[in-house]
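Let me begin by presenting the structure, written as structure tokens, before commenting on it.
The values are calculated or read from the model by the stated rules, or taken from the named source; none is laboratory data. Since we're looking at a predicted model, the values are computed, not measured. FYI the Cβ positions are ideal-geometry reconstructions off the backbone, even for glycines, and counts take in every protein chain you see. Protein only, heavy atoms only, side chains kept; ligands, DNA and RNA dropped before computing areas. Shrake-Rupley method; radii C 1.70, N 1.55, O 1.52, S 1.80 Å.
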Amino acid sequence: MNNFIFYNPTVIVFGKDRLHELTNYIPAGSKVLITYGGGSVIKSGTLQKVKDALQTNTVLEFGGIEPNPRFETLMKAVELIKKENATFLLAVGGGSVMDGTKFISLAVKYNGNPEDILYHGFKPVDLKEAMPLGNVVTLPATGSEMNIAGVISYKKGKYGVLSPLTFPKFSFLDPTLTYTLPETQVANGVVDTFVHVMEQYLTFPVEARFQDRTAEGILQTLIEIGRKTIDNPQDYDARANLVWCSTMALNGLIGAGVPQDWATHMIGHELTASFGIDHAKTLAIIMPALLEVRFEQKKSKLVQYAERVWKIENGNDDEKATLAISKTREFFESLGVKTRLTDYGVTQFAFDDILTGLEEKKLTALSETRDVTLDISRLILEKAL
Ligand code: NZQ
Ligand code: ZN
């Protein structure tokens, strides 16, 4: 097992009908800016429930944060905070609203050019302070509710923001607030969570038995409840398991002390930036293709994955690993998520642009061993056709 520091201060308040407890976690006298997306929280009544719970606070609202939140939109919230002197941010929504709110919390306290926060997010510039933030989660997928990451769209790309200052103070996870999600967003949540686990698990063995078995437990849970929670959105237990798996998949726990391979996400982000394909759907396209191209480097873990997650007992190592990759693709397809570039109208004529996008962001040495060059990313795209 590799050395690591594990730190995660976010309070999780899990379960039905607990929004009345919000004020236990927001400092008294705070002027709260509620951030939200395109209006689902108005339609579902969640925004009203949050406002009802905050009657003892002064509350402002900022709506219109779009999926794959845009820098320009978020800077409008920064202006509003400065004008109104808000002191606490409460994101009510999915990953885009939570990520956007993390960016807002940094940008409002940053004296330099806010673009810096994006470009150097992975090696933070001098970020000294962030406005405190909390979340009411309406979409289980990204894990943003319990991690330091955000992904912001700017110009022609998606850029990471990664600062420990943006750990949410708390996140309310009420599975019933996710019942209104359309099927395709629930499927996205299952796939995004699955791939987050795979990118921290399916690399090479380092004797991290707890991390491996926890990762395998999340994957098996997703396989058990994935289709079920799409078909029966109000089955509380199935949805509760998805919600908790999504959070635990990307809060640092299973990634501590193990190699990680975020190549699928990095190539996927380019597909979203260029073609507007939903984040999770880009992962469903790239991951099976990446596993095929990186078969030899990942074989040992692929066999473990085949045996423990998919219970494949027959055949030699190559056969088991190959079958596990097919099962992964079939699982995504069984959720209604297509796994080929051509399913989304993307052909090989787009590859040069996608690779240029990676190059511009210096994403030319991806993977757990940093040997996925642009040529190998091209091979992955070719396999994904
Ligand atoms: O905008 P509204 O009207 O709220 O509608 C949203 C949006 O259209 C809708 N929705 C959310 N909750 C709902 C609902 N509709 C009905 N009922 C509800 N309860 O769902 C749509 C998609 O929402 P979005 O927040 O964009 O989805 P998701 O949670 O999948 O977030 C995707 C974003 O997260 C980033 C992605 O890159 C992408 O920008 N990621 C963030 C990560 C992180 N912070 O660690 C890691 C991830 O890998 C990912 O990259
Ligand atoms: Zn993701």
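Where in the stretch 239-317 are there helices (runs of 4 or more DSSP H), lying fully within it, with 3 or more residues that are open to solvent by less than 10 Å² (accessible area, probe 1.4 Å), closer than 20 Å to Arg209 by Cα and touching a helix residue (DSSP H, G or I) at 6+ places or on another chain (Cβ under 9 Å)? Before the answer, list the steps.
Working: elements: 263-275, 279-293, 295-308.
In the stretch 239-317, 295-308 are the helices (runs of 4 or more DSSP H) which contain 3 or more residues that are open to solvent by less than 10 Å² (accessible area, probe 1.4 Å), closer than 20 Å to Arg209 by Cα and touching a helix residue (DSSP H, G or I) at 6+ places or on another chain (Cβ under 9 Å).
Out of Lys76, Lys82, Lys102, which single residue is surrounded by fewer than 16 Cβ atoms within 10 Å (Cβ to Cβ), touching a residue at least 24 places away in the same chain (Cβ under 8 Å) and part of a helix (DSSP H, G or I)? Can you show your working first?
Working: Lys76 fails: touching a residue at least 24 places away in the same chain (Cβ under 8 Å); Lys102 fails: surrounded by fewer than 16 Cβ atoms within 10 Å (Cβ to Cβ).
That would be Lys82, the only listed residue that is surrounded by fewer than 16 Cβ atoms within 10 Å (Cβ to Cβ), touching a residue at least 24 places away in the same chain (Cβ under 8 Å) and part of a helix (DSSP H, G or I).
Only one entry in Phe4, Phe14 is open to solvent by 60 Å² or more (accessible area, probe 1.4 Å), out of contact with any strand residue (DSSP E or B) (no Cβ under 6 Å at 6 or more places or on another chain) and more than 16 Å from ligand 2 (Cβ to nearest atom), namely Phe4.
Report yes if Lys158 is more than 16 Å from ligand 2 (Cβ to nearest atom) and open to solvent by 10 Å² or more (accessible area, probe 1.4 Å), otherwise no. Explain how you work it out, then say what you get.
Values: more than 16 Å from ligand 2 (Cβ to nearest atom): no; open to solvent by 10 Å² or more (accessible area, probe 1.4 Å): yes.
Criteria not met by Lys158.
Checked against (1) under 27 Å from Ile148 (Cβ atoms); (2) away from ligand 1 (no atom under 16 Å from the Cβ); (3) in contact (Cβ under 8 Å) with a residue 60 or more places away in the chain; (4) under 22 Å from the mean Cα position of the chain (by Cα), Ala289 passes all but a single condition, namely (1).
Among the conditions (1) at pLDDT below 95; (2) out of contact with any strand residue (DSSP E or B) (no Cβ under 9 Å at 6 or more places or on another chain), the only one that Leu374 does not satisfy is (1). When Gly276, Gly257, Gly268 are screened for being of a type outside the set (S, T, N, Q) and closer than 23 Å to Met1 by Cα, only Gly257 passes.
Considering only the stretch 211-221, I want to know if a residue exists there that is surrounded by fewer than 18 Cβ atoms within 10 Å (Cβ to Cβ) and not in a helix (DSSP H, G or I). There is no residue in the stretch 211-221 that is surrounded by fewer than 18 Cβ atoms within 10 Å (Cβ to Cβ) and not in a helix (DSSP H, G or I). Is it fair to say Ala238 is of a type in the set (Gly, Ala, Ser) and within 20 Å of Phe332 (Cβ to Cβ)? So Ala238 passes the test.
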